[in-house]
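This report refers to the structure that appears directly beneath it.
Read-outs: derived from the displayed coordinates by stated rules, not from any lab. Note that the coordinates shown come from a computational prediction; the quantities given were computed from them, not determined experimentally. Every residue, glycine among them, receives a Cβ derived from its backbone with ideal geometry; neighbour counts consider all protein chains shown.
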Amino acid sequence: MPYPIESKLVVAVSATALFDLSEEHRLYLELGLDKFRQHQRDNRKKTPNKGAAFPFIQRLLHLNDIYSVENPVEVVILSRHHADAGLRVMDAVKEYELNITRCFFLAGAVPFPYMRSVNAVLYLSTNKNEVEEAVGQNYPAGHVLPCKSLPLDQDKQLRIAFDFDGVIVDDEAEQVYTESQNLDLFHEYERLNREKPLHSGPLMPLLQRISFFQKMERKKAEEDHSYTQMLRIAIVTARNAPSHERLINTLSSLDIDTDELFLLGGIEKKKVLDILKPHIFFDDQIGHLTPAADSTPSVHIPFGVKNFDKQL
């Protein structure tokens, strides 16, 4: 029996994150809403290209293929489009064979408050100001950056990469470093607090839900050695030893494990991401994301002290 939506892993996404509607958005800004709606109606049969969030959403939905009876994953489109303009979006969903049936077309209204109606643990949008407002109101939202080269691999494996501080956990440790600007003091603080788990950050609920599937995946792999794991979770962080202990202890306290852990200690994240090739990467620092977004679908989480000055 299918899960009720309240029990599923639910991700909400804007139409402009799922599909490349940048030209349509330009039209809206230059000529206004009526011209935009007319353009969408006139071009209904023209399927838009894939957006930066498409690889993540497509492979997230493929998890339902593994658990086809329950269908425990759901994606909901939350869009500012009017319903008539949204017809083209729904046609594209069908064309790309995405199992998305729930869509909210809100005629210009702010979408993210509707996350609560579907119990979504993430909202992805290309609207920077909207995402900042959402995070400021404690909604788990991310700003999807343009990606020049989307992953082209043909398999269905989903690879997700997370930064740690300010994304999975709160910014307690980042505050310590920001205030001191002393790496030795930061490491000593983390060493002294290594047994004290950090508090949850914006995307901890997403990680907890996705790690549930990871555990089932690993069980399948143990039972069938020929089985290829369809989900891999990585943490890509600027932390290095000795601050690694608090990271690992925090995850262990929540019974969360990852497939890969990269303690970079200042190595540019893009260098690792270009080899890892995740379908999405979440980070709270735009400085790490801007170079990575050339080849990795990247999402900015505007949370915590690293973004405080920008929020003032």
Quick one: work out Rg over Rh on the C-alpha atoms of region 5-144, Rh as Kirkwood radius.
0.96
How large is the translational diffusion coefficient of the chain in µm² per second when you combine the Kirkwood radius over alpha carbon pairs with Stokes-Einstein at 20 °C and 1.002 mPa s?
106 µm²/s
Gaussian network model of the chain, Cα springs within a sub-10 Å range: biggest mean-square fluctuation belongs to which of V110, V131, V89?
V110
How far is it, in nm, from the label point at L87 to the one at S7 when both lie 7 Å from their Cα along the line to the Cβ?
3.8 nm
What's the longest uninterrupted piece of the chain once you rule out the chymotrypsin sites (Phe, Trp or Tyr not before Pro) that are loop residues per DSSP with at most 14 other Cβ within 10 Å?
68-226
Report, to two decimal places, the Cα Rg of region 111-217 normalised by 2.2 N^0.38 Å (N = number of residues).
1.30
So who's got an amide H within less than 5 Å of the one on I235, skipping anything under 5 residues away but keeping other chains? H placed 1.01 Å off N, in plane.
F162, E260, L261, F262
So what's the angle, to the nearest 10 degrees on a 0 to 90 scale, between helix 244-253 and the longest Cα principal axis of the chain?
70 degrees
As I understand it, the value is the acute angle between the Cα axis of helix 54-66 and the longest principal axis of the Cα atoms of the chain; what does it come to in degrees, rounded to 10?
80 degrees
Too long at a 30 Å Cα-Cα cut-off: which of K94/K306; K94/K128; K46/K306; K94/K148; K156/K270; K45/K220?
K94/K306; K46/K306; K45/K220
Mind pulling the angle between the C-alpha long axis of helix 83-95 and the longest principal axis of the chain? Nearest 10 degrees, somewhere in 0 to 90.
70 degrees
